[in-house]
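Okay, so here's the structure we're looking at.
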């Protein structure tokens, strides 16, 4: 009996040893959350990754559709149950770091990421001196899609509106969104940024909305909202009668379908003599804190792979998501893309989106809703200045 | 005579009189309440003292079986041949001991700090420290378990005492079989209520108690277990929610509370009167196809709200059917801001709620209208009353009297009416501080605080405030409307 | 004189007619308003997301009517083929059992006491054997032929054998009692009960079968998965919740014991706390039990049932109206409280039982909040509400509006049919509840 036991133990020992020899790889479970549209693509790429890396061939990867906005809240709510790798937009970064829901990028990878991706996206994944995520796309900005047969000159908002009005068509822009609103404020020369420390906590606010420039921007929006052609919205699928829409690359296919032969895209127009600006945005892949080194290594490798040049290009081809990788951006296919070239043109006028407190978006929506709700149509400058003052004060109060 | 004066008053006067009386009596009542509370507390300690004294005497007068039960629960019962009971007691004690040793003590000892070991990194690997959430959760669970243990222990000793007395008087003890049989008969309520009570305990009382405690911690997005610790902060969060200032939510809280009450008022009373009106129309003599009208209206109850309300919310959207058709027909040049203008949004919500709410009231009113004695109307008609008068003198008072309690529960239900707001507007348009919108009710605000903002501390405080608001409303109404009180005594 | 009287009468009649006309107009307008959104919903569900747009458009009537949206919901499943087969089997079982029950009833109706009892016995055995055999057959067929999967076949078998066994037990017990009370009274009522039981069992079997088919892991259609989840949740919740609610309301209404008032007061106070307050706690409680994400279906059943005892008001109000003398006379005859509950009160409580089942069955279809929280991003754990809500309110899902409409129609139709069929009981419950508070 004893002998048998010894034998069993010995065999077990040998087995563990031999396992340890192969311990480089990882064959447990790994979960990925990406946007619904990207699920099939990600599954394919994970298979390719496994084929290329035999040590991870037995890894059991599940890919589930969880939207980028949702992912951040979910990961923060319960890190343990959340996916190991997840896609999200950069506006959530500080919040996630503050909640301890992100692990920094592996130092070797970090150097490569910094070298291979465009400066805006690298800045977007970095807090303080630490890089917290792998940039995946650099297309989260907006520009103008328009109908060539209606809009004669896309470089001036006044002209665009006039053309739309004449044709009985609509111009879509979601000015009750904190994201699109900045086109006016930043374009007119205002700033609104928050400073974030290494911990992800917001500690200062730089804002000058309550200024001449801010007033100019607000008045432009009010004028825009007065136009009978204006409709608040930014989704092609919900645009019922559009001749022009301020939207992003994710709607490129839909826009092409909607405008058909007359499909065209351009940078944002000018209004009241200034060029509309806006946010440049990025999507990224993050990894949650791991308690197992082998799994962490697998996550690092997989995330690096999923954001590599080849995969970014493949992603562009499959989904039309514009790459953040510099080489991928230079590829012919990307260069020839109408929407992406319009975005690239617009990029010169945008400001990379930093970190904003969740309250800011609600506040901006509130302001936009008041504009659309015609509250300010007859307001004088002092009233408007009061509104801007209040807005700025509230923004500042979110910091610290 | 005061009573006679009172009888002479008209309805509204009576109501005002009652109201005044209520508030006049309020200080006295509150005072009385405190005196009562004091008495209760005194009574509690008195009972505790008696109980301890009883424990001592039982021990002194008990035989060895009883005395052993002080240490090993159930041993006395087993020694006396009541195996079933004894084993149950013994099992409970064993489970309790195992739980406390393996689990409970560790969590209980950390309850005062909610954990001190921070999460750290070993190389790139994360090593989690204390989990404040689990410490609080299991700490509370352990506290509850200890209370349950003390209670069971006390019952165990009481039973020994009683058994001893029964044996002394020469009677026989119940066998296990008889015990089981009694669970189907004289103790049937225990069988019926055991599982539901356990369920309510674990899934309602424990979580509520837990969340009340969370209101006194700094559990939020910056203190999120397992990566970060949270700890006790006293009344800090209440201050944040109730005081005004740039970093506080006081103004938002007042606005949201105001809209919550306005909404509940309209949702309750508008639907009430319109529903009654519709019921009267359908039930009028000579109206045909009664069943069909009713069935059509009832459709909004039958179809799940997430289908009907989500669809309707899209119908009213800026690019929805209503706006696009109105624009096509050139009735409007701009979409009506149903969901983007605070005033419009509130109006639209109340309007759509009529669509959802009238059928309920129609059904209820139909049931009650049928019960109104017909001879009341007959005699009124002979007296020459017209329809309006009959309505004012008979129908309305009767309805109000009978549905008094329903109105109260309906008002309470509307304050917590999550579905309508959430499915229609999600609280939008936004614009209040604390990430609240103009159509947010306290409950939808609480939801957003929990789910999107993960700001649990404030969510907990909002929850407590909802409780306070509802408690106040209920107390006032119970004291003002006699029919509510009487109905409650209905037995 | 008489002429003026006639005139008066005529004018009164005219007046009456005018009032009725107004009422008809108002009711017609209301009916239109009430029905229009649903008509629109159905119309838009026929707009193809491929040929036209799946999002918002500025016209109502689809340009090409198509079933594309519905096809999308079933995509990736051979749902129709095996659901059809399964339905067929279920139908056969239901028909056969109903036939047997009818024959049994005819047989038993002959008034021939001793022989009848023997025959009843034989018939009972016959029925049981028949059921088990059918169950085995159906389970095996379903498992192997349709799912082609051993685990599933075993589950099918187990379920059906269990059902057969329960029926056999109940029947035999009923039967032995029957034998004992041969010269007894009201025998026919007992047969009535047996017949009903069999009918119910057949229905239960049929439903189980259908649910199983929908839950069949072969499907890759997300929508069907969600639908199956919701149906499972609704079925289990309706049974468990009804048992709990009836137990609590019966105990609080008709039994007197220490702590009764305390329980009622505690429930009253607990009811004043908003339900979503404890969401995060419930989530972590469930997570400790492993009932989140992949386990969200049992988790949700647990959540819906655990605290359902607090909703006892309406059925308590109903029990309060049943005269106490009924219990008392039965108690004098030696019945235990349990027997009183089962044999005397339950048969009288049919309306409230149906009301409770209906409410418990309908509620899970509309729950978005807890369902999405518990499923926590695990798509296979969603219920229909969560899935469809995401389709229409998440930006990832462009052009899903008409598919939401189609999915909504498929949820609304059966639920509405069920509700309208049982409307009577709903009205009884609601009005009773409102009057008694």
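With the requirement that a residue be free of Cβ contacts under 8 Å to residues at least 60 places away in the same chain and facing chain B (nearest Cβ under 10 Å), what does the stretch C:286-309 give you?
C:288, C:302, C:306, C:307
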Consider the stretch A:93-112. How many of its residues are surrounded by fewer than 24 Cβ atoms within 10 Å (Cβ to Cβ) and assigned to a helix (DSSP H, G or I)? 7
Options B:188, B:133, B:149: the member that is modelled with pLDDT of 90 or more and either touching a strand residue (DSSP E or B) at 6+ places or on another chain (Cβ under 7 Å) or more than 14 Å from chain A (Cβ to nearest Cβ) (or both): B:149
Residue list for the stretch B:134-163, filter: more than 30 Å from residue B:225 (Cα to Cα) and surrounded by fewer than 15 Cβ atoms within 10 Å (Cβ to Cβ): B:150, B:151, B:154, B:155, B:158, B:162
Matching residues, the stretch A:126-168, being free of Cβ contacts under 8 Å to residues at least 24 places away in the same chain and surrounded by 15 or more Cβ atoms within 10 Å (Cβ to Cβ): A:126, A:162
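To keep it simple, each residue is scored yes or no on (1) surrounded by fewer than 20 Cβ atoms within 10 Å (Cβ to Cβ); (2) out of contact with any helix residue (DSSP H, G or I) (no Cβ under 6 Å at 6 or more places or on another chain); (3) within 14 Å of chain B (Cβ to nearest Cβ).
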residue	(1), (2), (3)
A:310	yes, yes, no
A:315	no, yes, no
A:322	no, no, no
A:339	no, no, no
A:347	yes, yes, no
A:355	no, no, yes
A:372	no, no, yes
A:378	yes, yes, no
Residues of the stretch B:241-252 being surrounded by 16 or more Cβ atoms within 10 Å (Cβ to Cβ) and over 21 Å from residue A:392 (Cα atoms), which ones? B:241
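To keep it simple, each residue is scored yes or no on (1) buried (at least 18 other Cβ atoms within 10 Å of the Cβ); (2) at pLDDT below 90; (3) within 30 Å of residue A:239 (Cα to Cα); (4) within 10 Å of chain B (Cβ to nearest Cβ).
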position	(1), (2), (3), (4)
C:343	no, yes, no, no
C:348	no, yes, no, no
C:362	yes, no, no, yes
C:387	yes, no, yes, no
C:420	no, yes, no, yes
C:435	yes, yes, no, yes
Residue in the stretch B:440-455 that is within 13 Å of chain A (Cβ to nearest Cβ), modelled with pLDDT of 90 or more, in contact with a strand residue (DSSP E or B) (Cβ under 6 Å, 6 or more places away or on another chain) and crowded, with 20+ Cβ neighbours inside 10 Å present: yes
Go through the residues of the stretch A:65-76 one by one and say whether even a single one is within 14 Å of chain B (Cβ to nearest Cβ), more than 24 Å from residue C:370 (Cβ to Cβ) and not in a strand (DSSP E or B). no
Please indicate, with yes or no, whether at least one residue in the stretch B:299-307 is touching a helix residue (DSSP H, G or I) at 6+ places or on another chain (Cβ under 9 Å), away from chain A (no Cβ under 12 Å), farther than 29 Å from residue B:368 by Cα and touching a residue at least 60 places away in the same chain (Cβ under 8 Å). yes
In the stretch C:252-285, how many are touching a residue at least 24 places away in the same chain (Cβ under 8 Å), within 30 Å of residue B:444 (Cα to Cα) and in a helix (DSSP H, G or I)? 6
Can you work out which of the residues in the stretch B:286-298 that are farther than 26 Å from residue C:410 by Cβ and within 9 Å of chain C (Cβ to nearest Cβ) is surrounded by the most Cβ atoms within 10 Å (Cβ to Cβ)? B:293
Just wondering, is there one or more residues in the stretch B:379-394 that are touching a residue at least 40 places away in the same chain (Cβ under 8 Å) and either in contact with a helix residue (DSSP H, G or I) (Cβ under 9 Å, 6 or more places away or on another chain) or not assigned by TED's automatic domain parsing to the domain that holds residue B:299 (or both)? yes
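Results for (1) touching a residue at least 12 places away in the same chain (Cβ under 8 Å); (2) under 25 Å from residue C:237 (Cα atoms); (3) within 14 Å of chain C (Cβ to nearest Cβ), shown as yes or no for each residue.
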position: B:156; (1), (2), (3): yes, no, no
position: B:162; (1), (2), (3): no, no, no
position: B:183; (1), (2), (3): no, no, yes
position: B:200; (1), (2), (3): no, yes, yes
position: B:206; (1), (2), (3): yes, yes, yes
position: B:210; (1), (2), (3): yes, no, yes
Scanning for something part of a helix (DSSP H, G or I) and more than 14 Å from chain A (Cβ to nearest Cβ), does the stretch B:218-237 turn up at least one residue? yes
Only one of B:212, B:166 that is surrounded by fewer than 17 Cβ atoms within 10 Å (Cβ to Cβ) and assigned by TED's automatic domain parsing to the domain that holds residue B:73: B:166
Go through the residues of the stretch C:285-295 one by one and say whether even a single one is crowded, with 19+ Cβ neighbours inside 10 Å, assigned by TED's automatic domain parsing to the domain that holds residue C:381 and under 29 Å from residue B:260 (Cα atoms). no
Between a first residue in the stretch B:408-420 that is outside the structural domain of residue B:270 (by TED's automatic domain parsing) and closer than 18 Å to residue B:447 by Cα and a second residue that is part of a helix (DSSP H, G or I) and modelled with pLDDT under 90, which pairs have beta carbons less than 8 Å apart while being 6 or more apart in sequence or on different chains? none
Quick count over the stretch A:236-254, residues being facing another protein chain (nearest Cβ under 8 Å), touching a strand residue (DSSP E or B) at 6+ places or on another chain (Cβ under 7 Å) and closer than 21 Å to residue A:346 by Cβ, is 2
Does the stretch C:244-270 hold any residues that are buried (at least 18 other Cβ atoms within 10 Å of the Cβ), facing chain B (nearest Cβ under 8 Å) and under 28 Å from the mean Cα position of the chain (by Cα), and which are they? C:244, C:247, C:248, C:250, C:251, C:267
Residues that are crowded, with 18+ Cβ neighbours inside 10 Å and either in a helix (DSSP H, G or I) or within 14 Å of chain B (Cβ to nearest Cβ) (or both), drawn from the stretch A:275-293: A:286, A:287, A:288, A:289, A:290
Residue list for the stretch A:197-255, restricted to those being modelled with pLDDT under 85 and closer than 20 Å to residue A:386 by Cα: none
Taking the conditions exactly as written (in contact with a helix residue (DSSP H, G or I) (Cβ under 8 Å, 6 or more places away or on another chain), more than 14 Å from chain A (Cβ to nearest Cβ), surrounded by fewer than 19 Cβ atoms within 10 Å (Cβ to Cβ) and under 14 Å from residue C:408 (Cβ atoms)), does residue C:46 satisfy them or not? no
The stretch C:393-408: number of residues that are at the interface with chain B (Cβ under 8 Å from one of its Cβ atoms) and closer than 13 Å to residue C:365 by Cα: 1
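The values are calculated or read from the model by the stated rules, or taken from the named source; none is laboratory data. Bear in mind the structure is a predicted one, so any value in this text is a computation, not a measurement. No Cβ is skipped: glycine too gets one built from the backbone with ideal geometry, and neighbour counts run over all protein chains shown.
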